[in-house]
Amino acid sequence: MKSGLLLTADIGGTFSRFALFRLEEQSAGFCLSLEKRSKITLSTLEFGSFTELLRSLQTSEVFSAYGRPDCAAMAVPGPVDDGICLAPNIPWPLRRRELEDCFRIPADLLNDFAAQGLACLFPSILDLRPILAGRPRPGFSAAVLGAGTGLGKAQILPVIPDAEDGGTAPSSSLSGKAEDMGLFLSSHECSPAARRTMFRRVLPSEGGHALFPFRGEEEAAFEAFARRVSGRRDVIGDMAVSGYALSLIHAFHNGLDQLLPPEQVGPLLQEQPLVLEWFARFLGRASRNFALETLALGGIYLSGGMIGRLPGLPEHPALGEEFRRSENQGHLLENLPLAWIGNPDAGLWGSAVYGLGLLQN
């Protein structure tokens, strides 16, 4: 693997974040580091196509200062099928071909929570903040999920033996904080066999589009309200744990038919604790259900913009109480650790890790 400059992105339904990472060869292997001055955020829906968004990035002063990158890996909010993502919260398709044509470099798209999962393979990148203490169980999968414009999920498998790789997996560590020092990888960890093992450990999910389970009469009333206001037949996870969900919960508890944008609801939560309690409960329920569905006894990571923007959400008692609640499998959950990812650039780091496979050997 050669050194190089990697263009990364974390494309969202509201904002798209871009950054450049540099891979440098050192005596002990390679160092992957974020070019801190290269980060740029654009409003996704201000553009009429993926190409328009990329052209705006390409002509920005921040980007042009670094020259053309060697490859590009961009995380997108939906499944990627044959290089195309039809994201439910973006009105135009995202195509790998558009990315390749725009920059004339090797490029690829990956699911945004696949990127989060790749970042979770290197926990020191994450700036983890504990929510519930516990003990990860060796040999079991872990999971990452989070609320932003929608609800994202991914499963992180334990080490998968690989005949070419000898059954090992990346075991990199950080010296200092990721944003200051960089991620150090040995030459073996950057080998094609090691990368294949690493990429196979992360399984993205579209579980945010599955029906969300509501409980009791009051929640049933909210479900009916959400159907009426949205005009949708079914209420899915995206409508219970996301920015849009926060707006729905606020409107329901205040008797409103018009939704406030989530950024306007956040500052009101101190005076409306019930809204925050419901959101925390739904997040805890989504996390618990995904943990049970995937038997993710290796631990649960929470990510997404909402958890960092809502004061009091990570430590809210309703989140932990709902996460531990199970009539039949409470013993599996009582020691399952739950933590949230404090590094807002985790998706960019995961994209950069994926981008290592695009650099020429």
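Comparing 199, 15, 30 in a Gaussian network model of the chain where C-alpha atoms under 10 Å apart are linked, the largest mean-square fluctuation is found at 15.
Helix 216-230 axis versus longest C-alpha principal axis of the chain: approximately 60°, rounded to the nearest ten. Which value in Å is the Kirkwood Rh of the chain over different Cα pairs? After inverting the pairwise mean of 1/r, the radius is 21.0 Å.
Per residue, the Cα convex hull of segment 268-361 amounts to 113 Å³.
Starting from one equal scatterer on each C-alpha and no solvent at all, send me the Debye-based log10 I(q)/I(0) for segment 198-241 at q = 0.22 Å⁻¹, two decimals. Debye curve over Cα of segment 198-241, log10 I(q)/I(0) at q = 0.22 Å⁻¹: -0.72. If you take all other residues with their beta carbon under 14 Å from the beta carbon of residue 202, and give Lys and Arg +1 and Asp and Glu -1, the sum is +4. The angle between the Cα long axis of helix 243-253 and the main principal axis of the chain comes to about 10°, on a 0 to 90 degree scale. In percent, rounded to a whole number, the relative contact order of the chain is 23, using alpha-carbon pairs under 8 Å and six or more apart.
Of 158, 261, 136, which is the most mobile in a GNM of the chain whose springs link Cα atoms less than 10 angstrom apart? In this elastic network of the chain, the residue with the biggest mean-square fluctuation among 158, 261, 136 is 261.
Residues considered: 314, 213, 79. Largest GNM mean-square fluctuation over the chain, using C-alpha springs under 10 Å, is found at 213. Seen against the Cα atoms of the chain and their longest principal axis, helix 346-355 is set at about 40 degrees. Counting only Cβ charges, +1 for Lys and Arg and -1 for Asp and Glu, the dipole size of the chain around its Cα centre is about 280 debye. Taking amide hydrogens as placed 1.01 Å from N in the peptide plane, the amide H of residue 110 sits under 5 Å from those of 74, 75, 76, each at least 5 positions away in sequence or on another chain. Dipole of segment 27-135 (Lys/Arg Cβ +1, Asp/Glu Cβ -1, origin at the Cα centre): which of 28, 45, 77 lies farthest to the positive side? Final value for the positive-end residue is 28. At q = 0.09, 0.15, 0.17 Å⁻¹, what base-10 log of I(q)/I(0) does the Debye formula yield for segment 1-153 when every alpha carbon is treated as an equal point scatterer in vacuo? Per q value, in the given order, log10 I(q)/I(0) is -0.32, -0.87, -1.07.
A short reminder: the numbers here are calculations on the coordinates, not readings from a lab. Since the structure is predicted, the reported quantities are computational estimates derived from the model, not experimental observations. Reconstructed Cβ throughout: ideal geometry from the backbone, glycine too, with neighbour counts over all protein chains shown.
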